[in-house]
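Visitor: My questions will all concern the structure given below.
The values are calculated or read from the model by the stated rules, or taken from the named source; none is laboratory data. What you see is a predicted model; the values in this text were computed from it and never measured. Here the Cβ positions follow ideal geometry from the backbone for every residue, glycine too, while neighbour counts run over all protein chains shown.
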Amino acid sequence: MQADEIELASYVRCVPDFPKTGIQFQDISPLLASPLAFRTSIEKMSIIARDLSFSHIVGIDSRGFIFGAALAIHMNKPFVMMRKPNKLPLASHSQIYDLEYGQDALEIQETVVPKTAEVLLLDDVIATGGTLVAAAKLIRQLDANVVGAMTLLEIKALKGSNQLQSNDIKYFSVLSV
Ligand code: AMP
């Protein structure tokens, strides 16, 4: 089978009530377990990304690392990790954001993001958009520019893309549910 013939969406499995009642968890494990589906998803991302003028890919902890790193190799761009707290040595900047219950934070090393960087943010899924908005604020703290944010999948009902638009972040996705 050729990459353009597969139904990519069929490789993402919806798991009801995980990790909490009421959450429809979008599980990318079957997609990653298929070399054809994984490669197709990266090729589709690269088709979108080649029209954007960006210098760095920043992947968000943790599933954003999978797609971000693969896309960075595919497009020959530097890859940068944006991590949850206390995971990254020499982290210089952080951004706190609200979750449904409580707060979380993202951290980054300024040494790997020059002020001239034109950043494409990468994650697996957008739900409310809170994570990607916080990620963009963190990049802007470094005086670098956010060219856009990309995910494999958008959960449209949660309207995350509206949050991104309100924060002046261009958004791109391969799939939506
Ligand atoms: P949000 O900040 O609400 O847009 O949530 C996006 C982040 O949480 C991403 O890093 C996703 O991996 C994860 N996430 C949130 N909701 C889901 C979901 N229903 N299925 C899979 N991942 C999710």
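Visitor: Check Lys20 against each of (1) within 16 Å of the ligand (Cβ to nearest atom); (2) outside any helix (DSSP H, G or I); (3) modelled with pLDDT of 95 or more and name the one condition it does not meet.
Guide: (3)
Visitor: Among the listed residues Ala136, Ala69, identify the single one that is small (Gly, Ala, Ser), over 19 Å from Glu43 (Cβ atoms) and outside any strand (DSSP E or B).
Guide: The match here is Ala136.
Visitor: Anything in the range 23-46 that is charged (D, E, K, R), under 19 Å from Glu154 (Cβ atoms) and either away from the ligand (no atom under 11 Å from the Cβ) or crowded, with 18+ Cβ neighbours inside 10 Å (or both)? List them, or say none.
Guide: Glu43, Lys44
Visitor: Give me a count of the residues in the range 106-133 that are in a strand (DSSP E or B), more than 16 Å from the ligand (Cβ to nearest atom) and surrounded by fewer than 24 Cβ atoms within 10 Å (Cβ to Cβ).
Guide: 1
Visitor: Let me ask another. Return the pairs, sorted by first residue and then second, in which the second residue is among the aromatic types (Phe, Trp, Tyr) and surrounded by fewer than 10 Cβ atoms within 10 Å (Cβ to Cβ), the first residue lies in the range 82-110 and is modelled with pLDDT of 95 or more, the beta carbons are less than 7 Å apart, and the residues are 6+ apart or on different chains.
Guide: Listed pairs, sorted by first residue: none to list.
Visitor: Here is a follow-up. Within the range 47-55, identify whether any single residue is more than 13 Å from Asp123 (Cβ to Cβ), touching a residue at least 40 places away in the same chain (Cβ under 8 Å), away from the ligand (no atom under 15 Å from the Cβ) and among the acidic types (Asp, Glu), and answer yes or no.
Guide: Checked the range 47-55: no residue is more than 13 Å from Asp123 (Cβ to Cβ), touching a residue at least 40 places away in the same chain (Cβ under 8 Å), away from the ligand (no atom under 15 Å from the Cβ) and among the acidic types (Asp, Glu).
Visitor: Turning to a different aspect of this structure: Does Gln103 satisfy being within 16 Å of the ligand (Cβ to nearest atom) and in contact with a Cys (Cβ under 6 Å, 6 or more places away or on another chain)?
Guide: Spelling it out, it is not the case that Gln103 is within 16 Å of the ligand (Cβ to nearest atom) and in contact with a Cys (Cβ under 6 Å, 6 or more places away or on another chain).
Visitor: Picking from Met45, Met1, which residue would you name as being at pLDDT 95 or above and either of a type outside the set (Gly, Ala, Ser) or in a loop (DSSP other than H, G, I, E, B) (or both)?
Guide: Being at pLDDT 95 or above and either of a type outside the set (Gly, Ala, Ser) or in a loop (DSSP other than H, G, I, E, B) (or both) holds for just one of Met45, Met1, which is Met45.
Visitor: State whether one or more residues within the range 76-87 are within 11 Å of the ligand (Cβ to nearest atom) and part of a strand (DSSP E or B).
Guide: For the range 76-87, residues within 11 Å of the ligand (Cβ to nearest atom) and part of a strand (DSSP E or B): present.
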